[in-house]
(Lines give C-alpha, C1' and ligand atoms only; values in the text may rest on other atoms or scores of the structure.)
Protein backbone atom coordinates (compact mmCIF):
# COMPACT_ATOMS: atom_id res chain seq x y z
CA UNK A 1 0.00 0.00 0.00
CA UNK A 2 2.81 2.41 0.92
CA UNK A 3 4.60 1.87 -2.38
CA UNK A 4 1.41 2.73 -4.29
CA UNK A 5 1.00 5.94 -2.28
CA UNK A 6 4.58 6.93 -3.00
CA UNK A 7 4.20 6.19 -6.71
CA UNK A 8 0.95 8.15 -6.81
CA UNK A 9 2.61 11.11 -5.06
CA UNK A 10 5.59 10.94 -7.43
CA UNK A 11 3.51 10.88 -10.62
CA UNK A 12 1.26 13.64 -9.28
CA UNK A 13 4.24 15.85 -8.42
CA UNK A 14 5.96 15.33 -11.77
CA UNK A 15 2.75 15.96 -13.74
CA UNK A 16 1.83 19.01 -11.67
CA UNK A 17 5.28 20.55 -11.89
CA UNK A 18 5.50 19.91 -15.62
CA UNK A 19 2.02 21.36 -16.22
CA UNK A 20 2.64 24.57 -14.24
CA UNK A 21 6.12 25.10 -15.71
CA UNK A 22 5.04 24.66 -19.35
CA UNK A 23 2.09 26.97 -18.73
CA UNK A 24 4.53 29.89 -18.45
CA UNK A 25 8.17 28.78 -18.81
CA UNK A 26 9.55 32.34 -18.68
CA UNK A 27 7.82 33.22 -15.43
CA UNK A 28 10.28 33.18 -12.52
CA UNK A 29 7.49 32.09 -10.18
CA UNK A 30 6.74 29.07 -12.37
CA UNK A 31 10.45 28.28 -12.63
CA UNK A 32 10.95 28.30 -8.84
CA UNK A 33 7.78 26.24 -8.40
CA UNK A 34 9.22 23.68 -10.83
CA UNK A 35 12.46 23.66 -8.82
CA UNK A 36 10.48 23.14 -5.59
CA UNK A 37 8.55 20.27 -7.17
CA UNK A 38 11.82 18.71 -8.40
CA UNK A 39 13.27 18.68 -4.88
CA UNK A 40 10.02 17.29 -3.51
CA UNK A 41 10.00 14.55 -6.18
CA UNK A 42 13.55 13.57 -5.16
CA UNK A 43 12.35 13.52 -1.55
CA UNK A 44 9.55 11.15 -2.55
CA UNK A 45 11.94 8.89 -4.48
CA UNK A 46 14.30 8.52 -1.49
CA UNK A 47 11.34 7.68 0.76
CA UNK A 48 10.05 5.24 -1.83
CA UNK A 49 13.40 3.42 -1.94
CA UNK A 50 14.06 3.44 1.80
CA UNK A 51 10.67 2.61 3.29
CA UNK A 52 9.69 0.01 0.72
CA UNK A 53 12.98 -1.81 0.07
CA UNK A 54 15.08 -1.57 3.25
CA UNK A 55 16.76 -4.56 4.85
CA UNK A 56 16.56 -5.88 8.40
CA UNK A 57 19.83 -4.27 9.43
CA UNK A 58 20.60 -1.59 6.86
CA UNK A 59 22.22 1.80 7.24
CA UNK A 60 20.06 4.80 6.28
CA UNK A 61 22.78 7.46 6.40
CA UNK A 62 22.31 8.24 2.72
CA UNK A 63 18.61 8.81 3.38
CA UNK A 64 19.29 11.15 6.30
CA UNK A 65 21.82 13.19 4.31
CA UNK A 66 19.41 13.47 1.39
CA UNK A 67 16.55 14.45 3.74
CA UNK A 68 18.49 17.30 5.38
CA UNK A 69 19.88 18.66 2.10
CA UNK A 70 16.60 18.44 0.16
CA UNK A 71 14.67 20.06 3.02
CA UNK A 72 17.07 23.00 2.94
CA UNK A 73 16.93 23.31 -0.87
CA UNK A 74 13.11 23.33 -0.78
CA UNK A 75 13.11 26.21 1.70
CA UNK A 76 15.65 28.09 -0.43
CA UNK A 77 13.39 27.71 -3.47
CA UNK A 78 10.48 28.94 -1.31
CA UNK A 79 12.39 32.12 -0.43
CA UNK A 80 13.32 32.73 -4.07
CA UNK A 81 9.65 32.30 -4.97
CA UNK A 82 8.67 34.80 -2.27
CA UNK A 83 11.12 37.33 -3.71
CA UNK A 84 9.89 37.07 -7.32
CA UNK A 85 6.13 36.46 -6.91
CA UNK A 86 3.74 37.95 -7.99
CA UNK A 87 5.61 40.81 -9.71
CA UNK A 88 8.01 38.45 -11.56
CA UNK A 89 10.96 40.33 -10.03
CA UNK A 90 14.61 39.32 -10.15
CA UNK A 91 16.25 37.52 -7.26
CA UNK A 92 18.21 39.94 -5.03
CA UNK A 93 21.66 38.41 -5.24
CA UNK A 94 23.15 40.11 -2.20
CA UNK A 95 20.28 39.02 0.04
CA UNK A 96 20.46 35.51 -1.37
CA UNK A 97 24.22 35.31 -0.78
CA UNK A 98 23.83 36.40 2.86
CA UNK A 99 20.78 34.25 3.61
CA UNK A 100 22.08 31.08 1.99
CA UNK A 101 25.71 31.39 3.15
CA UNK A 102 25.31 28.90 6.06
CA UNK A 103 24.35 26.26 3.47
CA UNK A 104 27.99 26.16 2.36
CA UNK A 105 28.84 24.66 5.75
CA UNK A 106 25.71 22.70 6.61
CA UNK A 107 25.32 20.83 3.29
CA UNK A 108 28.86 19.37 3.38
CA UNK A 109 28.28 18.49 7.04
CA UNK A 110 25.21 16.48 6.01
CA UNK A 111 27.08 14.81 3.16
CA UNK A 112 29.85 13.63 5.50
CA UNK A 113 27.39 12.40 8.15
CA UNK A 114 28.29 14.97 10.81
CA UNK A 115 24.66 15.58 11.80
CA UNK A 116 23.96 12.20 13.42
CA UNK A 117 25.56 9.43 15.38
CA UNK A 118 23.51 6.62 13.89
CA UNK A 119 20.72 6.25 11.30
CA UNK A 120 19.83 2.63 10.52
CA UNK A 121 17.32 -0.18 10.66
CA UNK A 122 17.95 -2.47 13.61
CA UNK A 123 16.04 -5.74 13.40
CA UNK A 124 13.71 -4.10 10.87
CA UNK A 125 12.96 -1.11 13.11
CA UNK A 126 14.06 2.38 12.14
CA UNK A 127 16.32 4.19 14.61
CA UNK A 128 18.03 7.60 14.45
CA UNK A 129 20.39 9.32 16.89
CA UNK A 130 21.00 12.97 15.93
CA UNK A 131 23.93 15.12 16.95
CA UNK A 132 23.89 18.78 18.08
CA UNK A 133 24.70 20.03 14.58
CA UNK A 134 21.50 18.45 13.27
CA UNK A 135 19.42 20.67 15.54
CA UNK A 136 21.33 23.72 14.29
CA UNK A 137 20.56 22.56 10.75
CA UNK A 138 16.85 22.20 11.56
CA UNK A 139 16.72 25.64 13.21
CA UNK A 140 18.34 27.18 10.11
CA UNK A 141 15.86 25.41 7.81
CA UNK A 142 12.92 26.75 9.81
CA UNK A 143 14.48 30.23 9.88
CA UNK A 144 14.64 30.23 6.07
CA UNK A 145 11.07 28.93 5.97
CA UNK A 146 9.81 31.68 8.33
CA UNK A 147 11.71 34.35 6.39
CA UNK A 148 10.02 33.28 3.15
CA UNK A 149 6.61 33.28 4.86
CA UNK A 150 7.21 36.81 6.22
CA UNK A 151 8.17 38.08 2.76
CA UNK A 152 4.96 36.61 1.32
CA UNK A 153 2.88 38.04 4.18
CA UNK A 154 4.27 41.54 3.52
CA UNK A 155 3.35 41.16 -0.14
CA UNK A 156 -0.12 40.03 0.88
CA UNK A 157 -0.57 43.27 2.83
CA UNK A 158 0.94 45.32 0.00
CA UNK A 159 -1.46 43.96 -2.63
CA UNK A 160 -4.45 43.64 -0.29
CA UNK A 161 -7.78 43.59 -2.14
CA UNK A 162 -6.32 42.52 -5.48
CA UNK A 163 -6.01 39.25 -7.37
CA UNK A 164 -2.34 39.10 -6.35
CA UNK A 165 -3.23 39.26 -2.65
CA UNK A 166 -5.65 36.34 -3.08
CA UNK A 167 -2.90 34.30 -4.72
CA UNK A 168 -0.36 35.13 -2.01
CA UNK A 169 -2.97 34.43 0.69
CA UNK A 170 -3.64 30.97 -0.75
CA UNK A 171 0.10 30.24 -0.83
CA UNK A 172 0.41 31.30 2.83
CA UNK A 173 -2.33 28.80 3.73
CA UNK A 174 -0.44 26.15 1.74
CA UNK A 175 2.71 26.94 3.76
CA UNK A 176 0.83 26.67 7.06
CA UNK A 177 -0.72 23.30 6.12
CA UNK A 178 2.55 21.92 4.76
CA UNK A 179 4.61 23.27 7.67
CA UNK A 180 2.31 21.77 10.33
CA UNK A 181 2.09 18.33 8.70
CA UNK A 182 5.82 18.12 7.92
CA UNK A 183 6.72 19.26 11.44
CA UNK A 184 4.54 16.58 12.99
CA UNK A 185 5.79 13.80 10.73
CA UNK A 186 9.50 14.74 10.54
CA UNK A 187 10.24 16.57 13.80
CA UNK A 188 7.66 16.27 16.58
CA UNK A 189 6.87 12.54 16.56
CA UNK A 190 10.45 11.39 15.77
CA UNK A 191 11.68 13.55 18.70
CA UNK A 192 9.70 11.26 20.98
CA UNK A 193 10.86 8.15 19.10
CA UNK A 194 7.67 7.73 17.07
CA UNK A 195 8.55 7.06 13.42
CA UNK A 196 5.20 5.76 12.15
CA UNK A 197 4.37 8.96 10.21
CA UNK A 198 7.86 9.44 8.78
CA UNK A 199 7.26 7.24 5.69
CA UNK A 200 4.18 9.35 4.85
CA UNK A 201 5.83 12.77 5.03
CA UNK A 202 6.01 12.99 1.23
CA UNK A 203 2.25 12.40 1.01
CA UNK A 204 1.44 14.97 3.71
CA UNK A 205 2.91 17.75 1.60
CA UNK A 206 0.58 17.12 -1.39
CA UNK A 207 -2.40 19.25 -0.16
CA UNK A 208 -0.13 22.25 0.26
CA UNK A 209 1.48 21.69 -3.15
CA UNK A 210 -1.92 21.53 -4.83
CA UNK A 211 -2.97 24.83 -3.21
CA UNK A 212 0.41 26.27 -4.18
CA UNK A 213 -0.05 25.32 -7.86
CA UNK A 214 -3.69 26.43 -7.78
CA UNK A 215 -2.67 29.92 -6.64
CA UNK A 216 0.15 30.30 -9.19
CA UNK A 217 -2.25 29.35 -12.01
CA UNK A 218 -4.58 32.26 -11.13
CA UNK A 219 -7.03 29.79 -9.57
CA UNK A 220 -7.60 28.12 -12.94
CA UNK A 221 -5.71 24.89 -12.34
CA UNK A 222 -8.85 22.79 -12.02
CA UNK A 223 -11.20 24.99 -14.06
CA UNK A 224 -12.99 23.69 -17.15
CA UNK A 225 -12.16 26.92 -18.97
CA UNK A 226 -8.45 26.43 -18.40
CA UNK A 227 -8.71 22.83 -19.56
CA UNK A 228 -10.33 23.97 -22.81
CA UNK A 229 -7.64 26.64 -23.24
CA UNK A 230 -4.92 24.02 -22.86
CA UNK A 231 -6.73 21.72 -25.29
CA UNK A 232 -7.15 24.51 -27.82
CA UNK A 233 -3.45 25.38 -27.70
CA UNK A 234 -1.76 22.10 -26.90
CA UNK A 235 1.94 22.98 -26.42
CA UNK A 236 4.46 20.94 -28.32
CA UNK A 237 6.26 20.22 -25.04
CA UNK A 238 3.14 18.42 -23.88
CA UNK A 239 3.06 16.42 -27.09
CA UNK A 240 6.70 15.37 -26.82
CA UNK A 241 6.34 14.53 -23.13
CA UNK A 242 3.17 12.51 -23.71
CA UNK A 243 4.79 10.76 -26.66
CA UNK A 244 7.84 9.77 -24.62
CA UNK A 245 5.73 8.70 -21.62
CA UNK A 246 3.33 6.72 -23.80
CA UNK A 247 6.12 4.96 -25.68
CA UNK A 248 7.93 4.20 -22.42
CA UNK A 249 4.83 2.71 -20.77
CA UNK A 250 3.80 0.75 -23.86
CA UNK A 251 7.32 -0.59 -24.47
CA UNK A 252 7.67 -1.54 -20.81
CA UNK A 253 4.37 -3.39 -20.89
CA UNK A 254 4.90 -5.09 -24.24
CA UNK A 255 8.63 -5.87 -24.02
CA UNK A 256 10.24 -5.50 -20.61
CA UNK A 257 7.80 -7.56 -18.56
CA UNK A 258 7.89 -10.53 -21.00
CA UNK A 259 11.69 -10.22 -21.30
CA UNK A 260 12.13 -10.30 -17.52
CA UNK A 261 9.83 -13.32 -17.26
CA UNK A 262 11.59 -15.23 -20.03
CA UNK A 263 15.08 -14.31 -18.84
CA UNK A 264 14.74 -15.02 -15.12
CA UNK A 265 12.24 -17.89 -15.01
CA UNK A 266 15.06 -20.33 -14.30
CA UNK A 267 16.83 -18.12 -11.75
CA UNK A 268 19.12 -15.09 -11.72
CA UNK A 269 22.38 -16.43 -13.14
CA UNK A 270 24.90 -15.14 -15.67
CA UNK A 271 23.08 -16.63 -18.66
CA UNK A 272 19.77 -15.09 -17.49
CA UNK A 273 21.34 -11.64 -17.18
CA UNK A 274 23.01 -12.00 -20.59
CA UNK A 275 19.71 -12.99 -22.16
CA UNK A 276 17.98 -10.07 -20.42
CA UNK A 277 20.53 -7.50 -21.61
CA UNK A 278 20.54 -8.73 -25.22
CA UNK A 279 16.77 -8.79 -25.54
CA UNK A 280 16.48 -5.41 -23.76
CA UNK A 281 18.87 -3.78 -26.23
CA UNK A 282 16.98 -5.24 -29.18
CA UNK A 283 13.58 -4.27 -27.79
CA UNK A 284 14.81 -0.71 -27.15
CA UNK A 285 15.23 -0.14 -30.89
CA UNK A 286 11.49 -0.28 -31.61
CA UNK A 287 10.35 2.42 -29.14
CA UNK A 288 13.33 4.59 -30.05
CA UNK A 289 12.47 4.42 -33.74
CA UNK A 290 8.86 5.19 -32.86
CA UNK A 291 10.00 8.22 -30.84
CA UNK A 292 12.09 9.45 -33.77
CA UNK A 293 9.05 9.09 -36.05
CA UNK A 294 6.86 11.05 -33.61
CA UNK A 295 9.45 13.81 -33.22
CA UNK A 296 9.88 14.08 -36.99
CA UNK A 297 6.14 14.22 -37.50
CA UNK A 298 5.54 16.65 -34.64
CA UNK A 299 8.51 19.01 -35.01
CA UNK A 300 10.80 18.42 -37.99
CA UNK A 301 8.26 18.14 -40.81
CA UNK A 302 6.16 21.23 -39.84
CA UNK A 303 9.35 23.29 -39.35
CA UNK A 304 10.57 22.16 -42.78
CA UNK A 305 7.30 23.37 -44.35
CA UNK A 306 7.62 26.74 -42.59
CA UNK A 307 11.26 27.03 -43.70
CA UNK A 308 10.40 26.32 -47.35
CA UNK A 309 7.57 28.86 -47.27
CA UNK A 310 9.88 31.47 -45.66
CA UNK A 311 12.54 30.91 -48.35
CA UNK A 312 9.92 31.36 -51.07
CA UNK A 313 8.82 34.64 -49.50
CA UNK A 314 12.43 35.88 -49.40
CA UNK A 315 12.64 35.07 -53.11
CA UNK A 316 9.75 37.44 -53.77
CA UNK A 317 6.82 35.01 -53.78
CA UNK A 318 4.77 37.12 -51.40
CA UNK A 319 1.55 35.50 -50.22
CA UNK A 320 3.11 32.02 -50.02
CA UNK A 321 1.45 29.97 -47.29
CA UNK A 322 2.56 26.97 -45.26
CA UNK A 323 0.99 23.84 -46.68
CA UNK A 324 -0.47 21.01 -44.68
CA UNK A 325 -2.75 20.61 -41.69
CA UNK A 326 -2.28 23.19 -38.97
CA UNK A 327 -1.70 21.76 -35.48
CA UNK A 328 -2.83 23.32 -32.20
CA UNK A 329 0.63 23.88 -30.75
CA UNK A 330 3.34 26.54 -30.99
CA UNK A 331 4.39 25.36 -34.46
CA UNK A 332 0.77 25.44 -35.63
CA UNK A 333 0.39 28.94 -34.21
CA UNK A 334 3.64 29.94 -35.91
CA UNK A 335 2.43 28.54 -39.25
CA UNK A 336 -0.93 30.33 -38.92
CA UNK A 337 0.80 33.59 -38.01
CA UNK A 338 3.24 33.14 -40.90
CA UNK A 339 0.38 32.62 -43.36
CA UNK A 340 -1.40 35.69 -42.07
CA UNK A 341 1.82 37.70 -42.24
CA UNK A 342 2.53 36.50 -45.78
CA UNK A 343 -0.99 37.37 -46.96
CA UNK A 344 -0.80 40.78 -45.31
CA UNK A 345 2.63 41.36 -46.82
CA UNK A 346 1.29 40.53 -50.30
CA UNK A 347 -1.67 42.88 -49.78
CA UNK A 348 0.58 45.65 -48.44
CA UNK A 349 2.98 45.33 -51.35
CA UNK A 350 0.07 45.46 -53.80
CA UNK A 351 -1.26 48.56 -52.05
CA UNK A 352 2.23 50.10 -52.16
CA UNK A 353 2.40 49.45 -55.91
CA UNK A 354 -0.97 51.12 -56.40
CA UNK A 355 0.05 54.00 -54.15
CA UNK A 356 3.31 54.37 -56.05
CA UNK A 357 1.41 54.50 -59.35
CA UNK A 358 -0.88 57.18 -57.93
CA UNK A 359 2.08 59.15 -56.61
CA UNK A 360 3.82 58.87 -59.96
CA UNK A 361 0.67 60.05 -61.71
CA UNK A 362 0.28 62.90 -59.24
CA UNK A 363 3.89 63.99 -59.83
CA UNK A 364 3.27 63.95 -63.57
CA UNK A 365 0.13 66.01 -63.12
CA UNK A 366 1.96 68.51 -60.93
CA UNK A 367 4.81 68.83 -63.43
CA UNK A 368 2.33 69.06 -66.28
CA UNK A 369 0.44 71.79 -64.49
CA UNK A 370 3.55 73.94 -64.16
CA UNK A 371 4.53 73.32 -67.76
CA UNK A 372 1.03 73.84 -69.15
CA UNK A 373 0.66 77.35 -67.75
CA UNK A 374 3.89 78.53 -69.39
CA UNK A 375 3.31 76.73 -72.70
CA UNK A 376 -0.28 77.93 -73.05
CA UNK A 377 0.74 81.52 -72.35
CA UNK A 378 3.60 81.42 -74.84
CA UNK A 379 1.50 79.79 -77.58
CA UNK A 380 -1.71 81.79 -77.23
CA UNK A 381 -0.12 85.19 -77.74
CA UNK A 382 1.40 84.47 -81.18
CA UNK A 383 -1.71 82.48 -82.16
CA UNK A 384 -3.89 85.48 -81.37
CA UNK A 385 -1.70 87.64 -83.63
CA UNK A 386 -1.78 85.07 -86.45
CA UNK A 387 -5.56 84.73 -86.12
CA UNK A 388 -5.99 88.50 -86.34
CA UNK A 389 -3.85 88.71 -89.47
CA UNK A 390 -5.83 85.90 -91.13
CA UNK A 391 -9.10 87.66 -90.35
CA UNK A 392 -7.70 90.88 -91.90
CA UNK A 393 -6.69 89.00 -95.07
CA UNK A 394 -10.05 87.25 -95.26
CA UNK A 395 -11.75 90.63 -95.10
CA UNK A 396 -10.29 91.57 -98.48
CA UNK A 397 -12.63 91.21 -101.45
CA UNK A 398 -10.18 90.14 -104.18
CA UNK A 399 -9.12 86.75 -102.71
CA UNK A 400 -9.28 83.79 -105.01
CA UNK A 401 -11.10 80.64 -103.94
CA UNK A 402 -7.92 78.59 -103.34
CA UNK A 403 -6.40 81.21 -101.05
CA UNK A 404 -9.65 81.57 -99.10
CA UNK A 405 -9.82 77.81 -98.60
CA UNK A 406 -6.21 77.75 -97.34
CA UNK A 407 -6.95 80.58 -94.93
CA UNK A 408 -10.01 78.77 -93.57
CA UNK A 409 -7.88 75.65 -93.11
CA UNK A 410 -5.26 77.66 -91.23
CA UNK A 411 -7.99 79.23 -89.08
CA UNK A 412 -9.34 75.74 -88.24
CA UNK A 413 -5.91 74.57 -87.16
CA UNK A 414 -5.46 77.69 -85.06
CA UNK A 415 -8.76 76.95 -83.31
CA UNK A 416 -7.57 73.41 -82.70
CA UNK A 417 -4.31 74.66 -81.19
CA UNK A 418 -6.29 77.17 -79.12
CA UNK A 419 -8.51 74.39 -77.80
CA UNK A 420 -5.45 72.35 -76.84
CA UNK A 421 -3.92 75.27 -74.97
CA UNK A 422 -7.29 75.96 -73.33
CA UNK A 423 -7.37 72.36 -72.11
CA UNK A 424 -3.84 72.79 -70.79
CA UNK A 425 -4.82 75.99 -69.00
CA UNK A 426 -7.87 74.32 -67.50
CA UNK A 427 -5.67 71.46 -66.43
CA UNK A 428 -3.10 73.76 -64.83
CA UNK A 429 -5.48 76.29 -63.29
CA UNK A 430 -5.87 75.92 -59.54
CA UNK A 431 -9.18 77.37 -58.48
CA UNK A 432 -11.58 76.43 -55.72
CA UNK A 433 -14.51 74.42 -56.98
CA UNK A 434 -17.90 76.10 -56.65
CA UNK A 435 -19.32 73.23 -54.64
CA UNK A 436 -22.99 72.92 -53.88
CA UNK A 437 -25.30 70.05 -53.02
CA UNK A 438 -26.10 68.42 -56.35
CA UNK A 439 -27.73 65.26 -57.63
CA UNK A 440 -25.44 62.87 -59.51
CA UNK A 441 -28.38 61.69 -61.63
CA UNK A 442 -29.13 65.26 -62.78
CA UNK A 443 -25.47 65.87 -63.65
CA UNK A 444 -25.41 62.66 -65.71
CA UNK A 445 -28.63 63.67 -67.54
CA UNK A 446 -27.21 67.10 -68.38
CA UNK A 447 -23.98 65.59 -69.73
CA UNK A 448 -25.95 63.08 -71.84
CA UNK A 449 -28.12 65.85 -73.20
CA UNK A 450 -25.04 67.82 -74.29
CA UNK A 451 -23.46 64.72 -75.86
CA UNK A 452 -26.66 63.93 -77.76
CA UNK A 453 -26.12 66.93 -80.01
CA UNK A 454 -23.29 64.98 -81.63
CA UNK A 455 -24.52 62.93 -84.61
CA UNK A 456 -22.09 60.06 -83.94
CA UNK A 457 -23.27 59.88 -80.33
CA UNK A 458 -26.86 59.61 -81.49
CA UNK A 459 -26.06 56.26 -83.12
CA UNK A 460 -25.30 54.69 -79.70
CA UNK A 461 -27.86 52.58 -77.86
CA UNK A 462 -28.14 54.21 -74.46
CA UNK A 463 -29.14 52.36 -71.26
CA UNK A 464 -29.70 54.28 -68.03
CA UNK A 465 -30.08 52.67 -64.59
CA UNK A 466 -30.30 55.42 -62.00
CA UNK A 467 -30.51 54.57 -58.29
CA UNK A 468 -33.52 55.86 -56.39
CA UNK A 469 -33.27 58.18 -53.39
CA UNK A 470 -29.53 58.70 -53.75
CA UNK A 471 -28.05 61.19 -51.30
CA UNK A 472 -26.71 64.42 -52.77
CA UNK A 473 -23.03 65.15 -53.06
CA UNK A 474 -21.10 68.34 -52.40
CA UNK A 475 -19.52 69.07 -55.78
CA UNK A 476 -18.97 71.51 -58.62
CA UNK A 477 -21.65 70.51 -61.13
CA UNK A 478 -19.82 72.09 -64.11
CA UNK A 479 -16.63 70.14 -63.38
CA UNK A 480 -18.48 66.84 -62.97
CA UNK A 481 -20.39 67.50 -66.21
CA UNK A 482 -17.01 67.95 -67.87
CA UNK A 483 -15.89 64.56 -66.50
CA UNK A 484 -19.03 62.74 -67.64
CA UNK A 485 -19.07 64.44 -71.05
CA UNK A 486 -15.44 63.53 -71.65
CA UNK A 487 -16.08 59.85 -70.81
CA UNK A 488 -19.25 59.80 -72.98
CA UNK A 489 -17.38 61.22 -75.98
CA UNK A 490 -14.52 58.76 -75.46
CA UNK A 491 -17.11 55.96 -75.55
CA UNK A 492 -18.43 57.43 -78.81
CA UNK A 493 -14.93 57.36 -80.31
CA UNK A 494 -14.46 53.74 -79.17
CA UNK A 495 -17.63 52.72 -81.05
CA UNK A 496 -17.45 54.48 -84.47
CA UNK A 497 -20.02 52.14 -85.95
CA UNK A 498 -22.41 52.35 -83.04
CA UNK A 499 -22.71 50.25 -79.91
CA UNK A 500 -24.11 50.12 -76.40
CA UNK A 501 -23.46 52.65 -73.67
CA UNK A 502 -24.77 52.11 -70.13
CA UNK A 503 -24.84 54.53 -67.22
CA UNK A 504 -25.57 53.20 -63.73
CA UNK A 505 -25.67 55.04 -60.43
CA UNK A 506 -25.96 53.40 -57.02
CA UNK A 507 -25.52 54.00 -53.33
CA UNK A 508 -22.23 52.65 -51.93
CA UNK A 509 -20.68 52.69 -48.47
CA UNK A 510 -21.03 56.40 -47.59
CA UNK A 511 -20.46 57.16 -51.25
CA UNK A 512 -22.16 57.45 -54.63
CA UNK A 513 -20.99 55.02 -57.28
CA UNK A 514 -21.22 55.73 -61.03
CA UNK A 515 -20.49 53.05 -63.64
CA UNK A 516 -20.15 54.03 -67.31
CA UNK A 517 -19.61 51.04 -69.61
CA UNK A 518 -19.40 50.58 -73.37
CA UNK A 519 -18.83 47.61 -75.68
CA UNK A 520 -16.24 49.28 -77.86
CA UNK A 521 -12.69 48.29 -78.67
CA UNK A 522 -11.71 48.06 -74.97
CA UNK A 523 -8.34 48.81 -73.42
CA UNK A 524 -5.36 46.59 -72.70
CA UNK A 525 -3.82 46.19 -69.24
CA UNK A 526 -0.74 48.33 -69.90
CA UNK A 527 -2.80 51.19 -71.32
CA UNK A 528 -5.18 51.01 -68.36
CA UNK A 529 -2.28 51.85 -66.01
CA UNK A 530 -1.38 54.99 -68.01
CA UNK A 531 -4.77 56.17 -69.20
CA UNK A 532 -4.97 59.01 -66.67
CA UNK A 533 -1.45 60.27 -67.43
CA UNK A 534 -1.18 63.60 -69.28
CA UNK A 535 -0.73 63.30 -73.07
CA UNK A 536 -1.33 59.57 -73.05
CA UNK A 537 -3.94 58.54 -75.62
CA UNK A 538 -4.94 55.42 -77.51
CA UNK A 539 -6.54 57.43 -80.28
CA UNK A 540 -4.88 57.93 -83.69
CA UNK A 541 -2.65 60.93 -84.24
CA UNK A 542 -4.68 64.10 -84.52
CA UNK A 543 -7.75 62.61 -82.83
CA UNK A 544 -6.89 63.27 -79.18
CA UNK A 545 -4.59 65.34 -76.97
CA UNK A 546 -4.30 62.93 -74.06
CA UNK A 547 -5.42 65.56 -71.59
CA UNK A 548 -9.13 64.76 -71.21
CA UNK A 549 -8.88 61.86 -68.78
CA UNK A 550 -5.99 63.52 -66.92
CA UNK A 551 -8.30 66.47 -66.29
CA UNK A 552 -11.07 64.07 -65.21
CA UNK A 553 -8.71 62.38 -62.79
CA UNK A 554 -7.73 65.71 -61.25
CA UNK A 555 -11.37 66.79 -60.87
CA UNK A 556 -12.50 63.54 -59.23
CA UNK A 557 -9.57 63.39 -56.78
CA UNK A 558 -10.10 67.06 -55.92
CA UNK A 559 -13.64 66.09 -54.89
CA UNK A 560 -12.30 63.42 -52.53
CA UNK A 561 -13.33 60.57 -54.83
CA UNK A 562 -11.58 58.10 -57.07
CA UNK A 563 -11.89 57.01 -60.68
CA UNK A 564 -10.88 53.60 -62.04
CA UNK A 565 -10.97 51.93 -65.42
CA UNK A 566 -11.31 48.25 -66.29
CA UNK A 567 -12.40 46.01 -69.13
CA UNK A 568 -16.14 45.53 -69.46
CA UNK A 569 -17.49 42.01 -69.35
CA UNK A 570 -18.62 42.27 -72.99
CA UNK A 571 -15.37 43.48 -74.56
CA UNK A 572 -15.55 47.13 -73.80
CA UNK A 573 -14.39 49.63 -71.24
CA UNK A 574 -15.90 50.45 -67.88
CA UNK A 575 -15.22 53.58 -65.83
CA UNK A 576 -16.10 53.44 -62.13
CA UNK A 577 -16.38 56.73 -60.26
CA UNK A 578 -16.90 56.97 -56.52
CA UNK A 579 -17.70 60.26 -54.82
CA UNK A 580 -18.31 60.84 -51.11
CA UNK A 581 -21.98 61.26 -50.24
CA UNK A 582 -23.07 64.22 -48.14
CA UNK A 583 -24.56 63.15 -44.82
CA UNK A 584 -27.95 64.73 -44.42
Practice problem: Determine, yes or no, whether residue 34 is crowded, with 16+ Cβ neighbours inside 10 Å and under 26 Å from residue 148 (Cα atoms). | Solution: yes
Quiz item: What single numbered condition from (1) surrounded by fewer than 18 Cβ atoms within 10 Å (Cβ to Cβ); (2) assigned to a helix (DSSP H, G or I) fails to hold for residue 21?
Solution: (1)
Quiz prompt | Criterion (more than 18 Å from residue 522 (Cβ to Cβ), in contact (Cβ under 8 Å) with a residue 24 or more places away in the chain and part of a helix (DSSP H, G or I)) met by exactly one of 448, 470, 489 | solution = 448
Quiz item: Which of (1) farther than 22 Å from residue 171 by Cα; (2) in a helix (DSSP H, G or I) does residue 56 not meet, given it meets every other one?
Solution: (2)
Exercise. For residue 255, work out the one condition from (1) outside any helix (DSSP H, G or I); (2) within 30 Å of residue 15 (Cβ to Cβ) it doesn't fulfil.
Key: (1)
Exercise. Sort through 72, 89 and tell me the only one that's surrounded by 14 or more Cβ atoms within 10 Å (Cβ to Cβ), in contact with a helix residue (DSSP H, G or I) (Cβ under 7 Å, 6 or more places away or on another chain) and either in contact (Cβ under 8 Å) with a residue 60 or more places away in the chain or closer than 24 Å to residue 27 by Cβ (or both).
Key: 72
Quiz item: Do we have residue 79 as at pLDDT below 90, in a helix (DSSP H, G or I) and either surrounded by 14 or more Cβ atoms within 10 Å (Cβ to Cβ) or in contact with a helix residue (DSSP H, G or I) (Cβ under 6 Å, 6 or more places away or on another chain) (or both) here?
Solution: no
Quiz item: Within the stretch 191-214, is even one residue at pLDDT 80 or above, farther than 24 Å from residue 8 by Cα and part of a helix (DSSP H, G or I)?
Solution: yes
Exercise. Kindly indicate whether any position in the stretch 432-455 is over 30 Å from residue 500 (Cα atoms), at pLDDT below 80 and exposed (fewer than 15 other Cβ atoms within 10 Å of the Cβ).
Key: yes
Practice problem: Would you mention how many residues in the stretch 150-176 are without any contact (Cβ under 8 Å) to a residue 60 or more places away in the chain and over 19 Å from residue 205 (Cα atoms)? | Solution: 12
Quiz prompt | Unique match (being in contact with a strand residue (DSSP E or B) (Cβ under 8 Å, 6 or more places away or on another chain) and either modelled with pLDDT under 85 or within 17 Å of residue 506 (Cβ to Cβ) (or both)) among 563, 555 | solution = 563
Quiz prompt | Filter result for residue 337 (within 24 Å of residue 239 (Cα to Cα) and modelled with pLDDT of 80 or more) | solution = yes
Quiz item: What number goes with the only condition from (1) farther than 26 Å from residue 348 by Cα; (2) at pLDDT 75 or above that residue 296 does not pass?
Solution: (2)
Quiz item: Counting just the residues of the stretch 513-530 that are in contact with a helix residue (DSSP H, G or I) (Cβ under 7 Å, 6 or more places away or on another chain) and surrounded by 19 or more Cβ atoms within 10 Å (Cβ to Cβ), which one comes out modelled with the lowest pLDDT?
Solution: 520
Quiz item: In the stretch 122-161, which residues are in contact with a helix residue (DSSP H, G or I) (Cβ under 9 Å, 6 or more places away or on another chain) and under 24 Å from residue 56 (Cα atoms)?
Solution: 126, 128, 130
Exercise. Would you mind finding the one in 12, 40, 48 that is buried (at least 21 other Cβ atoms within 10 Å of the Cβ) and either over 30 Å from residue 164 (Cβ atoms) or in the same structural domain as residue 147 (by TED's automatic domain parsing) (or both)?
Key: 40
Practice problem: Of all residues in the stretch 473-498, count the ones that are more than 18 Å from residue 580 (Cβ to Cβ) and either surrounded by fewer than 19 Cβ atoms within 10 Å (Cβ to Cβ) or out of contact with any strand residue (DSSP E or B) (no Cβ under 9 Å at 6 or more places or on another chain) (or both). | Solution: 10
Exercise. Write out, first by first residue and then by second, each pair whose Cβ atoms fall under 8 Å of each other, whose residues are 6+ apart or on separate chains, and whose first residue, in the stretch 339-356, is within 14 Å of residue 316 (Cβ to Cβ) while the second is in a helix (DSSP H, G or I).
Key: 342/309; 342/313; 345/313
Exercise. Can you confirm whether the stretch 276-298 contains a residue that is within 29 Å of residue 323 (Cβ to Cβ) and in contact (Cβ under 8 Å) with a residue 60 or more places away in the chain?
Key: yes
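The values are calculated or read from the model by the stated rules, or taken from the named source; none is laboratory data. Just so we're clear, the structure is a prediction, and the values are computed from it rather than from any experiment. Every residue, glycine as well, gets a Cβ built from its backbone with ideal geometry; the counts of neighbours run over all protein chains shown.
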